[in-house]
Amino acid sequence: MIEIYDTTLRDGTQGEGISFSLNDKLKITKKLDNLGVHYIEGGWSGSNPKDTLFFKKVGSVKLNRAVVTAFGSTRRANVSAEEDTSMKSILDSGADVATIFGKSWDFHVMEVLKTTLENNLEMIRDSIRFLRSNGLRVIYDAEHFFDGFKKNADYAMQTVEAAQSAGAETIVLCDTNGGTMPFEVSNIVEEVKKRTTVPLGIHAHNDGGTAVANSMMAVKSGVVQVQGTINGYGERCGNADLCTIIPNLKIKLNLDCIADSQLKNLTRVSRYVSELANLVPRNDQPYVGKSAFTHKGGAHVDAVLKNADSYEHTNPESVGNSRRLLISELAGKRNILSKAKEHGVDLSLAKTKEILNTVKSLENDGYQFEGAEGSFVLLLKRALGEDNPLFDAESFEVVIKKDHKGITANATVELELDGKRVIASSMGDGPVDALNRALKDVLTPIYPELKLIRLTDYKVRVLDAKSGTAAKVRVLIDSSDGKKTWSTVGVSTNIIEASWNAILDALEYGSV
Ligand SMILES: [Zn+2]
């Protein structure tokens, strides 16, 4: 059994742009517990009011398996453990398990703590004994352990022995600066294991791009606890990504950590945390990314449809992800067929050829349907004559005005709806917003369901940068009605027209 120790709520929040509210932290705690992790590091108790409050509140959250730990440092250099504020906050947190970090690297002891090597050992022993005597279990994080070991192995080992003798139940070897290589981790962990009896853990950062590899090598060399964060969030280049480590442990190394049924929650938890962190999920993230089981090349798609093992290292369902087949110029007919089937549309071979040709010619014009499934479904329906245009003909006008008071955008749209001409004007934050509002003003009396549709993301890509300001642009819009989300695309040399086309598709797709 390998213990999974999650530090998303503490180390993860050190990542640039990441901040969780108290409520977010409580919600994530619940999700992590459902995922089946063994430990959830709740925060640095006493360091800020939010973390202090978190420990107050988390006591009443019912957890199945996970134990919430309070993080802190060893006591300061010239204060006794009893009088130290960090020690006191850990006791005040009410947590049963404390995770405290201490220095393993002589350089840090002398240059950062500005104390003697012997006093640092005393600080480690003292702090752990104090917490133990107050009834807490203690996990000891040996900060900068690998760097310390490389510079002064004897001293680094003395710090580990100090923690062991004082009663730490697990000693976690930290690659705090994240620059250690997998083979070094493996050698050092084996060496430490020979000279200690206490169970070991690994805490790796990703500055060398090897945090996951380092964690895997540490497990192979005998550690029994892996620390990391959801999506690898963390300071600088992040922490070891538990969303890769957990399936690696289970599927590749056949080691027990969370249950198979819990593994199926992994993709959902990954996206949930990125949602609360307000960060766009990485499509190419192993196992849980949107592209992790996505096939584009025609020959690959053909092979995967015959047997998924041909181009997949593992089964997407095992981690709660799903297979996607992309529509692109490279796509073959089978791609179109299976995509249509996914949306409940049956196509004849002749229609399939026709649609494939349409896709190819639109892609020549700059369209791309990979990220715009909404527009693709409409394309299918148009080819079959099953589409449902919202109106017959249109014109629009957008006026942008900048003066000393600021900048304003005003859009007017004129549509032919059921043989009648209707017109509406609206101001907006920008031209696209103004158009969107004016369109909705005209359409919602007839299509009330459009009221719920929100534009959630808007991206512009310049297609032929060489043409400068006359270049063609592709606009990609994400929309949501609160239940489902969809993406649509528009292309034009005029950015407003490209946006208009993408908005029309978004509303038409959302109205069915
Ligand atoms: Zn860390």
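The values are calculated or read from the model by the stated rules, or taken from the named source; none is laboratory data. None of the values given here were measured: they were computed from a predicted structure. Don't worry about glycine lacking a Cβ; one is built from the backbone with ideal geometry, like all the others, and counts go over all protein chains shown.
Is at least one residue of segment 293-314 touching an Asp or Glu at 6+ places or on another chain (Cβ under 8 Å) and either exposed (fewer than 15 other Cβ atoms within 10 Å of the Cβ) or not in a helix (DSSP H, G or I) (or both)? Within segment 293-314, one or more residues are touching an Asp or Glu at 6+ places or on another chain (Cβ under 8 Å) and either exposed (fewer than 15 other Cβ atoms within 10 Å of the Cβ) or not in a helix (DSSP H, G or I) (or both). Determine if segment 228-238 includes at least one residue that is modelled with pLDDT of 95 or more, under 17 Å from ILE2 (Cβ atoms) and out of contact with any helix residue (DSSP H, G or I) (no Cβ under 6 Å at 6 or more places or on another chain). No, the conditions are met nowhere in segment 228-238.
Candidates SER322, SER348: the one that is within 29 Å of the chain's Cα centre (by Cα) and not assigned by TED's automatic domain parsing to the domain that holds PRO247 is SER322.
Matching residues to (1) touching a Phe, Trp or Tyr at 6+ places or on another chain (Cβ under 7 Å); (2) without any contact (Cβ under 8 Å) to a residue 12 or more places away in the chain:
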site	(1), (2)
ALA350	no, yes
GLU354	no, no
VAL377	yes, no
ALA383	no, no
LYS402	no, yes
LYS405	no, yes
ASN410	no, no
GLU416	yes, no
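Results for (1) assigned to a helix (DSSP H, G or I); (2) assigned by TED's automatic domain parsing to the domain that holds VAL359; (3) within 31 Å of the chain's Cα centre (by Cα); (4) farther than 30 Å from ASN364 by Cβ, shown as yes or no for each residue.
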site: GLU414; (1), (2), (3), (4): no, no, no, yes
site: ILE423; (1), (2), (3), (4): no, no, no, yes
site: LEU435; (1), (2), (3), (4): yes, no, no, no
site: GLY468; (1), (2), (3), (4): yes, no, no, no
site: ILE477; (1), (2), (3), (4): no, no, yes, no
site: TRP486; (1), (2), (3), (4): no, no, yes, no
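Tell me yes or no: at least one residue of segment 220-234 is more than 15 Å from the ligand (Cβ to nearest atom), in the same structural domain as GLU190 (by TED's automatic domain parsing), assigned to a helix (DSSP H, G or I) and among the hydrophobic types (A, V, I, L, M, F, W, C). No, that holds for no residue. Take the conditions within 16 Å of the ligand (Cβ to nearest atom) and more than 18 Å from ASP96 (Cβ to Cβ) and apply them to GLY12. Does it pass? So GLY12 passes the test.
Applying the criterion of being hydrophobic (A, V, I, L, M, F, W, C) and more than 15 Å from GLY344 (Cα to Cα) to the residues of segment 384-402, the residue that is farthest from the chain's Cα centre (by Cα) is ALA393. Tallying residues that are of a type in the set (A, V, I, L, M) and over 20 Å from the mean Cα position of the chain (by Cα) within segment 26-80 yields 10.
Step by step: first the residues of segment 335-364, then only those that are of a type in the set (D, E, K, R) and surrounded by 12 or more Cβ atoms within 10 Å (Cβ to Cβ), then the one that is farthest from ASP464 (Cα to Cα). Which residue is that? The qualifying residue farthest from ASP464 (Cα to Cα) is GLU342. Based on what the data block shows, is THR29 more than 20 Å from LEU242 (Cβ to Cβ) and among the β-branched types (Val, Ile, Thr)? When the stated conditions are applied, THR29 does not pass them. Anything in segment 401-426 that is out of contact with any helix residue (DSSP H, G or I) (no Cβ under 6 Å at 6 or more places or on another chain) and among the hydrophobic types (A, V, I, L, M, F, W, C)? List them, or say none. Selection gives ILE407, LEU417, ILE423. Within segment 268-288, is there a residue that is within 16 Å of the ligand (Cβ to nearest atom), touching a residue at least 40 places away in the same chain (Cβ under 8 Å) and closer than 30 Å to PHE369 by Cβ? So far as segment 268-288 goes, no, none of its residues is within 16 Å of the ligand (Cβ to nearest atom), touching a residue at least 40 places away in the same chain (Cβ under 8 Å) and closer than 30 Å to PHE369 by Cβ. On the stretch given as segment 1-24, residues that are touching a Gly at 6+ places or on another chain (Cβ under 7 Å) and either of a type in the set (Gly, Ala, Ser) or modelled with pLDDT under 95 (or both) total 4.
Taken over segment 235-258, the criterion of being within 16 Å of the ligand (Cβ to nearest atom), in a loop (DSSP other than H, G, I, E, B) and not charged (D, E, K, R) is satisfied by CYS237, GLY238, ALA240. How do the pairs read when you match residues in segment 99-111 that are of a type in the set (Ser, Thr, Tyr) with residues anywhere that are assigned to a helix (DSSP H, G or I), using Cβ under 7 Å and keeping only pairs 6 or more apart or on different chains? Final answer for the pair search is SER104/PHE145; SER104/GLY148; SER104/ALA156; SER104/THR159.
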